[in-house]
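The values are calculated or read from the model by the stated rules, or taken from the named source; none is laboratory data. Only a predicted model underlies this, so the values are computations on that prediction, with no experimental measurement involved. Cβ atoms come from the backbone with ideal geometry, glycine included; neighbour counts cover every protein chain shown.
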(Lines give C-alpha, C1' and ligand atoms only; values in the text may rest on other atoms or scores of the structure.)
Protein backbone atom coordinates (compact mmCIF):
# COMPACT_ATOMS: atom_id res chain seq x y z
CA UNK A 1 0.00 0.00 0.00
CA UNK A 2 1.16 3.53 -0.76
CA UNK A 3 0.71 5.73 2.30
CA UNK A 4 0.94 9.54 2.41
CA UNK A 5 1.43 11.11 5.85
CA UNK A 6 0.09 14.63 6.35
CA UNK A 7 1.94 16.25 9.24
CA UNK A 8 4.67 18.71 10.19
CA UNK A 9 7.94 17.02 9.23
CA UNK A 10 10.34 19.96 8.87
CA UNK A 11 9.59 22.23 11.81
CA UNK A 12 12.56 23.49 13.83
CA UNK A 13 11.53 21.28 16.71
CA UNK A 14 13.07 17.92 17.58
CA UNK A 15 9.90 16.35 18.95
CA UNK A 16 7.97 17.35 15.85
CA UNK A 17 10.63 15.85 13.59
CA UNK A 18 10.74 12.54 15.44
CA UNK A 19 6.96 12.13 15.56
CA UNK A 20 6.87 12.47 11.77
CA UNK A 21 9.84 10.18 11.21
CA UNK A 22 8.67 7.38 13.51
CA UNK A 23 5.13 7.34 12.13
CA UNK A 24 6.58 6.75 8.69
CA UNK A 25 8.80 4.00 10.06
CA UNK A 26 5.82 2.30 11.68
CA UNK A 27 3.98 2.08 8.35
CA UNK A 28 7.15 0.97 6.53
CA UNK A 29 7.71 -1.81 9.06
CA UNK A 30 4.40 -3.30 7.88
CA UNK A 31 5.56 -3.37 4.26
CA UNK A 32 4.08 -0.09 3.01
CA UNK A 33 5.58 2.56 0.76
CA UNK A 34 5.56 5.88 2.63
CA UNK A 35 5.74 9.51 1.53
CA UNK A 36 4.78 12.81 3.14
CA UNK A 37 2.56 15.52 1.73
CA UNK A 38 4.66 18.58 0.97
CA UNK A 39 3.52 21.33 3.29
CA UNK A 40 3.44 25.06 2.75
CA UNK A 41 6.19 26.74 4.76
CA UNK A 42 4.88 30.31 4.87
CA UNK A 43 4.37 31.33 8.47
CA UNK A 44 6.07 28.21 9.85
CA UNK A 45 9.23 28.05 11.98
CA UNK A 46 11.21 26.66 9.03
CA UNK A 47 10.21 29.32 6.50
CA UNK A 48 12.98 31.54 5.17
CA UNK A 49 11.10 34.63 6.36
CA UNK A 50 10.76 33.38 9.93
CA UNK A 51 14.39 32.31 10.11
CA UNK A 52 15.58 35.66 8.75
CA UNK A 53 13.37 37.54 11.22
CA UNK A 54 14.81 35.62 14.16
CA UNK A 55 18.38 36.16 12.95
CA UNK A 56 17.90 39.91 12.49
CA UNK A 57 16.24 40.24 15.90
CA UNK A 58 19.12 38.53 17.66
CA UNK A 59 21.77 40.49 15.79
CA UNK A 60 19.99 43.79 16.51
CA UNK A 61 20.05 42.92 20.21
CA UNK A 62 23.77 42.18 20.02
CA UNK A 63 23.25 38.45 20.50
CA UNK A 64 25.71 37.30 17.84
CA UNK A 65 26.29 33.92 19.49
CA UNK A 66 22.53 33.34 19.69
CA UNK A 67 22.14 34.23 16.02
CA UNK A 68 24.91 31.79 15.06
CA UNK A 69 23.34 29.06 17.20
CA UNK A 70 19.96 29.61 15.55
CA UNK A 71 21.41 29.52 12.05
CA UNK A 72 23.25 26.27 12.76
CA UNK A 73 20.07 24.83 14.22
CA UNK A 74 17.99 25.82 11.18
CA UNK A 75 20.56 24.28 8.83
CA UNK A 76 20.62 21.06 10.87
CA UNK A 77 16.84 20.67 10.72
CA UNK A 78 16.83 21.46 7.01
CA UNK A 79 19.35 18.67 6.37
CA UNK A 80 17.36 16.20 8.48
CA UNK A 81 14.17 17.04 6.60
CA UNK A 82 15.85 16.14 3.31
CA UNK A 83 15.72 12.50 4.43
CA UNK A 84 11.93 12.61 4.36
CA UNK A 85 10.39 11.79 0.94
CA UNK A 86 7.75 14.38 0.02
CA UNK A 87 5.10 14.54 -2.65
CA UNK A 88 2.46 17.05 -3.75
CA UNK A 89 -0.65 16.93 -5.88
CA UNK A 90 1.29 17.78 -9.05
CA UNK A 91 3.59 14.76 -8.80
CA UNK A 92 2.78 11.79 -11.08
CA UNK A 93 2.70 9.34 -8.16
CA UNK A 94 0.11 11.33 -6.25
CA UNK A 95 -2.82 9.55 -7.90
CA UNK A 96 -1.42 6.19 -6.76
CA UNK A 97 -1.76 6.95 -3.04
CA UNK A 98 -4.02 4.42 -1.31
CA UNK A 99 -4.17 5.94 2.17
CA UNK A 100 -3.77 9.46 3.54
CA UNK A 101 -2.81 9.62 7.22
CA UNK A 102 -3.55 12.92 8.97
CA UNK A 103 -1.24 13.35 11.95
CA UNK A 104 0.32 13.18 14.33
CA UNK A 105 1.05 16.39 16.28
CA UNK A 106 -1.29 19.33 16.96
CA UNK A 107 -2.48 19.58 13.36
CA UNK A 108 -6.07 20.28 14.54
CA UNK A 109 -5.12 23.15 16.82
CA UNK A 110 -6.93 25.86 14.89
CA UNK A 111 -5.97 28.46 17.50
CA UNK A 112 -2.54 28.24 15.91
CA UNK A 113 -2.51 30.59 12.92
CA UNK A 114 -0.54 28.21 10.72
CA UNK A 115 -2.86 25.22 11.24
CA UNK A 116 -5.92 27.42 10.83
CA UNK A 117 -4.70 28.83 7.49
CA UNK A 118 -3.99 25.36 6.13
CA UNK A 119 -6.90 23.49 7.71
CA UNK A 120 -8.03 22.30 4.28
CA UNK A 121 -4.84 20.19 4.23
CA UNK A 122 -4.69 19.05 7.84
CA UNK A 123 -8.39 18.14 7.93
CA UNK A 124 -8.11 16.33 4.59
CA UNK A 125 -10.39 18.54 2.51
CA UNK A 126 -7.91 18.68 -0.39
CA UNK A 127 -7.63 14.90 -0.74
CA UNK A 128 -10.35 13.58 -3.00
CA UNK A 129 -8.94 10.17 -3.92
CA UNK A 130 -7.86 7.32 -1.67
CA UNK A 131 -8.95 6.44 1.84
CA UNK A 132 -8.21 8.77 4.73
CA UNK A 133 -7.62 8.28 8.46
CA UNK A 134 -6.08 10.27 11.28
CA UNK A 135 -3.33 9.01 13.55
CA UNK A 136 -2.76 10.64 16.97
CA UNK A 137 -4.08 13.99 15.79
CA UNK A 138 -4.46 16.61 18.49
CA UNK A 139 -6.40 19.85 18.82
CA UNK A 140 -4.15 21.06 21.61
CA UNK A 141 -6.24 23.08 24.04
CA UNK A 142 -8.69 24.36 21.39
CA UNK A 143 -12.25 24.46 22.72
CA UNK A 144 -15.27 23.34 20.68
CA UNK A 145 -16.68 26.86 20.24
CA UNK A 146 -13.67 27.66 18.03
CA UNK A 147 -14.75 25.12 15.41
CA UNK A 148 -17.05 27.35 13.37
CA UNK A 149 -18.85 26.44 11.23
CA UNK A 150 -18.99 23.12 13.02
CA UNK A 151 -20.63 21.44 10.01
CA UNK A 152 -17.45 21.87 7.95
CA UNK A 153 -15.33 20.00 10.52
CA UNK A 154 -18.02 17.38 11.05
CA UNK A 155 -18.11 16.61 7.34
CA UNK A 156 -14.31 16.21 7.21
CA UNK A 157 -14.37 13.82 10.18
CA UNK A 158 -17.28 11.80 8.77
CA UNK A 159 -15.40 11.30 5.52
CA UNK A 160 -12.50 9.59 7.30
CA UNK A 161 -12.38 5.82 7.34
CA UNK A 162 -11.43 5.96 11.01
CA UNK A 163 -10.25 8.61 13.45
CA UNK A 164 -7.58 8.28 16.09
CA UNK A 165 -6.28 10.93 18.47
CA UNK A 166 -3.53 11.19 21.07
CA UNK A 167 -5.45 12.78 23.98
CA UNK A 168 -8.84 12.64 25.71
CA UNK A 169 -9.59 16.30 25.00
CA UNK A 170 -9.37 15.79 21.23
CA UNK A 171 -11.38 12.56 21.46
CA UNK A 172 -14.17 14.43 23.24
CA UNK A 173 -14.05 17.18 20.60
CA UNK A 174 -14.36 14.67 17.76
CA UNK A 175 -17.40 13.11 19.43
CA UNK A 176 -19.02 16.49 20.11
CA UNK A 177 -18.42 17.82 16.60
CA UNK A 178 -19.29 14.77 14.53
CA UNK A 179 -20.79 12.11 16.80
CA UNK A 180 -17.92 9.86 15.70
CA UNK A 181 -15.94 7.74 18.14
CA UNK A 182 -12.17 8.14 18.01
CA UNK A 183 -9.52 5.63 19.04
CA UNK A 184 -6.91 6.77 21.55
CA UNK A 185 -3.40 5.92 20.30
CA UNK A 186 0.10 6.82 21.38
CA UNK A 187 2.33 9.54 20.03
CA UNK A 188 4.33 7.95 17.17
CA UNK A 189 7.59 8.32 19.11
CA UNK A 190 6.22 5.76 21.61
CA UNK A 191 5.66 3.14 18.91
CA UNK A 192 9.32 2.17 19.38
CA UNK A 193 11.25 1.44 22.56
CA UNK A 194 14.70 2.64 23.63
CA UNK A 195 16.49 -0.24 21.88
CA UNK A 196 15.20 0.96 18.50
CA UNK A 197 16.54 4.46 19.10
CA UNK A 198 19.91 3.23 20.40
CA UNK A 199 20.66 1.84 16.95
CA UNK A 200 20.56 5.43 15.65
CA UNK A 201 22.93 7.07 18.10
CA UNK A 202 26.45 6.76 19.49
CA UNK A 203 27.02 7.12 23.21
CA UNK A 204 28.76 10.29 24.44
CA UNK A 205 31.78 9.94 26.72
CA UNK A 206 30.43 12.24 29.45
CA UNK A 207 28.30 11.43 32.49
CA UNK A 208 25.82 14.27 32.38
CA UNK A 209 22.50 15.94 33.13
CA UNK A 210 20.64 16.93 29.96
CA UNK A 211 18.63 20.16 29.91
CA UNK A 212 15.89 20.25 27.29
CA UNK A 213 13.96 23.37 28.22
CA UNK A 214 12.05 26.02 26.32
CA UNK A 215 11.90 28.41 29.30
CA UNK A 216 14.69 29.33 31.75
CA UNK A 217 15.21 27.77 35.13
CA UNK A 218 14.70 30.09 38.08
CA UNK A 219 17.81 31.36 39.84
CA UNK A 220 17.13 29.04 42.75
CA UNK A 221 16.63 26.02 40.48
CA UNK A 222 19.80 26.82 38.58
CA UNK A 223 21.82 27.10 41.77
CA UNK A 224 20.37 23.82 43.07
CA UNK A 225 21.17 22.10 39.77
CA UNK A 226 24.80 23.28 39.84
CA UNK A 227 25.21 22.12 43.41
CA UNK A 228 23.81 18.67 42.63
CA UNK A 229 25.95 18.27 39.50
CA UNK A 230 29.14 19.17 41.38
CA UNK A 231 28.35 16.80 44.25
CA UNK A 232 27.73 13.90 41.85
CA UNK A 233 30.46 14.77 39.35
CA UNK A 234 28.06 15.21 36.48
CA UNK A 235 28.39 17.68 33.65
CA UNK A 236 25.41 19.80 32.63
CA UNK A 237 24.66 19.75 28.91
CA UNK A 238 22.17 22.23 27.50
CA UNK A 239 20.36 21.23 24.32
CA UNK A 240 18.03 24.12 23.56
CA UNK A 241 18.89 27.77 24.27
CA UNK A 242 21.85 29.09 26.25
CA UNK A 243 19.53 31.36 28.24
CA UNK A 244 17.70 28.51 29.98
CA UNK A 245 20.57 28.09 32.46
CA UNK A 246 23.58 29.99 33.71
CA UNK A 247 25.24 26.81 34.98
CA UNK A 248 25.65 24.51 32.01
CA UNK A 249 29.08 23.12 31.15
CA UNK A 250 28.43 22.47 27.49
CA UNK A 251 25.98 23.70 24.88
CA UNK A 252 24.90 21.54 21.93
CA UNK A 253 22.80 22.69 18.99
CA UNK A 254 19.17 21.58 19.15
CA UNK A 255 18.94 19.16 16.25
CA UNK A 256 17.08 15.85 15.83
CA UNK A 257 20.36 13.94 16.14
CA UNK A 258 21.58 15.79 19.24
CA UNK A 259 18.19 15.58 20.93
CA UNK A 260 18.14 11.81 20.51
CA UNK A 261 21.78 11.28 21.41
CA UNK A 262 21.84 13.32 24.60
CA UNK A 263 18.37 12.21 25.70
CA UNK A 264 19.25 8.54 25.27
CA UNK A 265 22.41 8.47 27.35
CA UNK A 266 21.71 11.08 30.02
CA UNK A 267 21.91 10.19 33.68
CA UNK A 268 19.19 12.74 34.38
CA UNK A 269 16.88 14.77 32.12
CA UNK A 270 15.31 18.09 33.06
CA UNK A 271 12.60 19.26 30.67
CA UNK A 272 9.45 21.34 30.34
CA UNK A 273 8.41 20.08 26.89
CA UNK A 274 5.92 17.47 25.70
CA UNK A 275 8.31 15.33 23.70
CA UNK A 276 11.11 15.85 26.20
CA UNK A 277 8.77 14.28 28.74
CA UNK A 278 7.67 11.45 26.44
CA UNK A 279 11.23 10.47 25.54
CA UNK A 280 12.33 10.67 29.19
CA UNK A 281 9.62 8.23 30.22
CA UNK A 282 10.04 5.98 27.18
CA UNK A 283 13.78 5.76 27.93
CA UNK A 284 13.08 5.27 31.67
CA UNK A 285 15.24 8.18 32.71
CA UNK A 286 15.63 9.77 36.07
CA UNK A 287 13.82 12.93 35.01
CA UNK A 288 12.26 16.10 36.27
CA UNK A 289 9.45 18.08 34.62
CA UNK A 290 9.41 21.79 35.35
CA UNK A 291 5.74 22.64 35.69
CA UNK A 292 4.79 25.34 33.18
CA UNK A 293 1.06 24.65 33.37
CA UNK A 294 1.07 22.76 30.05
CA UNK A 295 -1.98 20.49 30.04
CA UNK A 296 -0.61 17.98 27.53
CA UNK A 297 2.60 17.55 29.54
CA UNK A 298 0.97 17.20 32.95
CA UNK A 299 -1.76 14.88 31.65
CA UNK A 300 0.78 12.53 30.09
CA UNK A 301 2.86 12.41 33.26
CA UNK A 302 -0.27 11.68 35.29
CA UNK A 303 -1.37 8.99 32.81
CA UNK A 304 2.01 7.32 33.37
CA UNK A 305 1.50 7.48 37.14
CA UNK A 306 4.53 9.71 37.60
CA UNK A 307 2.98 12.90 39.01
CA UNK A 308 5.77 12.98 41.59
CA UNK A 309 8.21 13.89 38.79
CA UNK A 310 6.49 17.25 38.22
CA UNK A 311 8.50 19.81 40.14
CA UNK A 312 6.32 21.70 42.59
CA UNK A 313 7.31 25.06 44.03
CA UNK A 314 7.87 23.43 47.41
CA UNK A 315 10.51 20.95 46.21
CA UNK A 316 14.12 21.70 45.41
CA UNK A 317 15.31 20.44 42.05
CA UNK A 318 18.19 18.54 43.68
CA UNK A 319 15.74 16.65 45.91
CA UNK A 320 13.90 15.31 42.89
CA UNK A 321 17.07 14.43 40.99
CA UNK A 322 18.30 12.46 43.99
CA UNK A 323 15.14 10.33 44.10
CA UNK A 324 14.58 7.18 42.06
CA UNK A 325 11.78 6.72 39.52
CA UNK A 326 9.46 3.72 39.83
CA UNK A 327 8.63 2.72 36.25
CA UNK A 328 6.62 -0.43 37.02
CA UNK A 329 3.23 1.17 36.30
CA UNK A 330 4.40 3.49 33.49
CA UNK A 331 6.11 0.65 31.63
CA UNK A 332 2.89 -1.38 31.59
CA UNK A 333 0.86 1.64 30.50
CA UNK A 334 3.19 2.37 27.59
CA UNK A 335 3.45 -1.26 26.48
CA UNK A 336 -0.33 -1.73 26.39
CA UNK A 337 -0.88 1.52 24.49
CA UNK A 338 2.00 0.76 22.11
CA UNK A 339 0.58 -2.68 21.27
CA UNK A 340 -2.95 -1.37 20.70
CA UNK A 341 -1.61 1.51 18.58
CA UNK A 342 0.46 -0.81 16.38
CA UNK A 343 -2.60 -3.00 15.97
CA UNK A 344 -4.62 0.08 14.98
CA UNK A 345 -2.08 0.87 12.24
CA UNK A 346 -2.00 -2.75 11.07
CA UNK A 347 -5.77 -2.77 10.62
CA UNK A 348 -5.64 0.33 8.44
CA UNK A 349 -3.28 -1.26 5.93
CA UNK A 350 -4.79 -4.72 5.89
CA UNK A 351 -7.42 -5.31 3.24
Taking segment 114-135 as the region of interest, how many residues are within 17 Å of residue 16 (Cα to Cα) and either outside any loop (DSSP other than H, G, I, E, B) or in contact with a helix residue (DSSP H, G or I) (Cβ under 6 Å, 6 or more places away or on another chain) (or both)?
4
Residues being surrounded by 15 or more Cβ atoms within 10 Å (Cβ to Cβ) and within 19 Å of the chain's Cα centre (by Cα) - total across segment 51-84
7
Please count how many residues of segment 149-200 are without any contact (Cβ under 8 Å) to a residue 60 or more places away in the chain, in contact with a helix residue (DSSP H, G or I) (Cβ under 6 Å, 6 or more places away or on another chain) and in a loop (DSSP other than H, G, I, E, B).
3
Considering segment 177-205 alone, what residues qualify as being more than 30 Å from residue 157 (Cβ to Cβ) and buried (at least 17 other Cβ atoms within 10 Å of the Cβ)?
197, 204
Find the residue count for segment 259-299, including only residues that are without any contact (Cβ under 8 Å) to a residue 40 or more places away in the chain and touching a helix residue (DSSP H, G or I) at 6+ places or on another chain (Cβ under 9 Å).
10
Those residues of segment 27-50 that are surrounded by 21 or more Cβ atoms within 10 Å (Cβ to Cβ) and part of a helix (DSSP H, G or I) come to a total of 1
Pairs returned, first residue in segment 213-232 that is within 10 Å of residue 247 (Cβ to Cβ), second residue that is loosely packed, with under 14 Cβ neighbours inside 10 Å, beta-carbon separation under 7 angstrom, 6 or more apart or interchain, are 222/246
Which numbered condition residue 320 misses (of (1) surrounded by fewer than 22 Cβ atoms within 10 Å (Cβ to Cβ); (2) at pLDDT below 95)
(1)
